[in-house]
1. Could you list, in sequence order, the residues of the range 341-367 that are open to solvent by less than 30 Å² (accessible area, probe 1.4 Å), in a strand (DSSP E or B) and either acidic (Asp, Glu) or free of Cβ contacts under 8 Å to residues at least 40 places away in the same chain (or both)?
2. What strands (runs of 3 or more DSSP E), lying completely within the range 368-451, carry at least 3 residues that are closer than 20 Å to residue 319 by Cβ?
3. Has the range 412-428 got any residue that is open to solvent by less than 30 Å² (accessible area, probe 1.4 Å) and over 22 Å from residue 472 (Cβ atoms)?
4. If I filter the range 322-337 for residues that are assigned to a loop (DSSP other than H, G, I, E, B), modelled with pLDDT under 85 and of a type outside the set (Asp, Glu), do I get at least one hit?
5. Just one of the numbered conditions (1) in a helix (DSSP H, G or I); (2) touching a Lys or Arg at 6+ places or on another chain (Cβ under 6 Å) is not true of residue 468; which one?
6. With the condition kept exactly as written, say whether any residue in the range 445-455 is in contact with a Pro (Cβ under 7 Å, 6 or more places away or on another chain) and at pLDDT 85 or above.
7. State whether one or more residues within the range 518-541 are modelled with pLDDT of 85 or more and assigned to a strand (DSSP E or B).
8. Let me spell it out: the conditions are (1) acidic (Asp, Glu); (2) modelled with pLDDT of 90 or more; (3) farther than 24 Å from residue 444 by Cβ, and residue 364 meets all of them except one. Which number is the exception?
Amino acid sequence: MNELQNRDRQGADKRQGGQAIVLVTLALFAMFGLMGLAVDLGWSFFLQRSAQSAADAAALGAVQEAKNRLGASFASWTCPGSPGATDAWCTSGAAIVDCTTVSNTSSNLYNGCRYAVSNGFDHTNNVRQTVNIRASDSTTLPALPATASGTPLGVKGIVYWVTVSTVQTVPQIFSSMLGNTTGTISAIATAAIVSSVLPGSFYGMNMRGDCMGGSSCGKDIDIGGNTTISAPGAIVLSSPCTGSGAGCAGQAISTGGNSLVDAKSSSVIVNGSINTVAGQNYQPTPAQLGTAKDFLDPTRGLHEPPIMANSQGGGIKGCAIPGGVISGNVTLGPYNYFSYTGFSNGNPIPDGRPITITGNATFDPTSTACDNGSAGAIKGTTGAEESGTFKSFFIWGGMNVTGSVNFSAGQFFLVGQNPNQSGGTVFSLDKATVTDTASSSSGGTMLIFTAPGYPGMDIQSAVIAGAVENGLKQGSVDMGKGNGTSIQLLGVTKSTSSNPTGLPSDLSNYSGVALWMDRRNSIDYYNPDPGCTAAAGNSQCGTIDPTRSAPQATSGEMGANYCPSNDCSGSAVMHFGPGDIKNFDVKGVIYMPRGAYYLAEHGNGNASLNSATQFIGGGYKTPSGNGIDLTLTSPTNPFLVTINALIQ
């Protein structure tokens, strides 16, 4: 009996063992599936990150090379028909092409494809990897993802873009047990040259040794007399001075007495570690210390704004004004205006006097009038009538306004001052009214304070046929000498698809600029060449090397781009006051080079400049006891800088 029971138990054990093998075998399929999820999916996720890095690097590499090639000409650039080694490349019709077909080493797209290789996607040798690329200008925009609400994700100001997609087939190990022998991973990236709003409201660019009026050396702000500077955007101070030292007269911020920089309503970004704000030591956070590029000239890499009228060939016509005085209620067209008091061979002789407006003058780009309201105005016989809708006006010897002047859309060049005639100012408002009828759709208005050496000005000076321009120098600017001056200006506005304007594409890089002071009107060396990264010992494109303890003050070292003291001593100043400025409404950018500065003083106590303006210059200074507050509101027409960015 026992033997029979033992045999039954052994048989049952064998049957149970066979069932366990079946169950384990079935379980292995599930285990391989789970391992496939863990291993194959994990490996695919890792490769997808690699694919994304390769796509990002390729797109950015191609765009960076394009920006290097285009330089400052990117704003007016479109895809060329026959690109070369100095141009950006587009794919035909913005079509998607395989990187294996991009074999021309002159193409910036070839650079992008090589970046994909160096970042792990060797599409030339790995048959499992594919890299596709496409590129175009703003006429064909890239396909971008939608927001959560389903509306297209728009990026404004695209000039040029490159999209790169990376694809790789991946053999599956454990997942193949379930019939999935291969997987596919992919990534896409789009990089572009885009316009970005300059974030700060006030930029003080003075460094060590840059002095405001022979003192205040190494300061960006030197205010006294209950003066307040406040802004909704950042106040950026480039001076590294934090106390005494070579080229420094104290700290970057000097707020004596009850004066202060309003750090409560502003983000103060400083190049030095400790400064005084509101009477107390100000220790900025690491974010408020900024980075090196925060303290460079925001316009670096750009030429002086080009003269649009130079497209007229031999220059535009001259308009000679007897004695330089414009009275009455007159309308004036786009010409070269100059003062004269005598004739030579029947032609008026320029005498260097400023154009003085005592009446009500309107500069109208559509007018053909050359008339100052009385007999004697002479329109020249040489030169061309200006074409186009956005035109240029030239006022030789500068302009003094004691009446009212109305600027419309266009460029207005205030060309030099004769020290014997105009007291050192190239633009002076005395109890004056300045208005601006330009709209954003017309392109806006730009005033440029300069001298005859401005690039391209020789074409226009030939029209006035006089040697007086050789005696004209850089001059200072007086924005309110007498009580009651009112100023209203709109800077030039860049054309966009949603807001087309009459601004020529060559000026798109200067969007927002209302007032521009010639870079040569500075104690510093300014090389206007966008390719000046290493020129003349210059480590910054546009400004003097900040590592120098002080500017080199010899005209020989500075060359033609430097304003020697015997030519324009004290001219690198924009003066607000000492009169009561009744209204100051500049919607745009006021630009002065590093080594030039704003001097704000009021004769009868405290006053205020309230404006939606971005101030860019060497620094801001007020005298003790009668300074002017600077209260900046959010800029409605800010300066646009161009950057490379991943937008997808």
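The values are calculated or read from the model by the stated rules, or taken from the named source; none is laboratory data. Nothing here was measured: the structure is a model prediction, and the numbers come from that model. Quick reminder, even Gly has a Cβ in these numbers, built from the backbone with ideal geometry, and neighbours come from all protein chains shown. Each accessible area value is taken on the protein alone, full model and side chains, heavy atoms only, with ligands, DNA and RNA left out. Shrake-Rupley method; radii C 1.70, N 1.55, O 1.52, S 1.80 Å.
1. Here is the first cut: in the range 341-367, the ones open to solvent by less than 30 Å² (accessible area, probe 1.4 Å) are 342, 348, 350-352, 354-355, 357, 359, 361, 363, 365, 367.
Of the ones still in play, those that are also in a strand (DSSP E or B) are 342, 348, 350, 355, 357, 361, 363.
Once the filter is applied, which keeps residues that are open to solvent by less than 30 Å² (accessible area, probe 1.4 Å), in a strand (DSSP E or B) and either acidic (Asp, Glu) or free of Cβ contacts under 8 Å to residues at least 40 places away in the same chain (or both), the range 341-367 yields 342, 348.
2. On the way: elements: 392-396, 399-401, 404-407, 410-415, 425-429, 433-436, 445-450.
Ranges flagged: 392-396, 399-401, 404-407, 410-415, 445-450.
3. Restricting attention to the range 412-428, the residues satisfying the condition of being open to solvent by less than 30 Å² (accessible area, probe 1.4 Å) are 412-418, 422, 424-428.
Then keep just the ones that are over 22 Å from residue 472 (Cβ atoms); that gives none.
For the range 412-428, residues open to solvent by less than 30 Å² (accessible area, probe 1.4 Å) and over 22 Å from residue 472 (Cβ atoms): absent.
4. Applying the first criterion (assigned to a loop (DSSP other than H, G, I, E, B)) to the range 322-337 yields 323-324, 327-328, 333-335.
Imposing the further condition that a residue be modelled with pLDDT under 85 reduces the set to none.
No.
5. Among (1) in a helix (DSSP H, G or I); (2) touching a Lys or Arg at 6+ places or on another chain (Cβ under 6 Å), the lone unmet condition for residue 468 is (2).
6. Looking through the range 445-455, at least one residue is in contact with a Pro (Cβ under 7 Å, 6 or more places away or on another chain) and at pLDDT 85 or above.
7. No.
8. (3)
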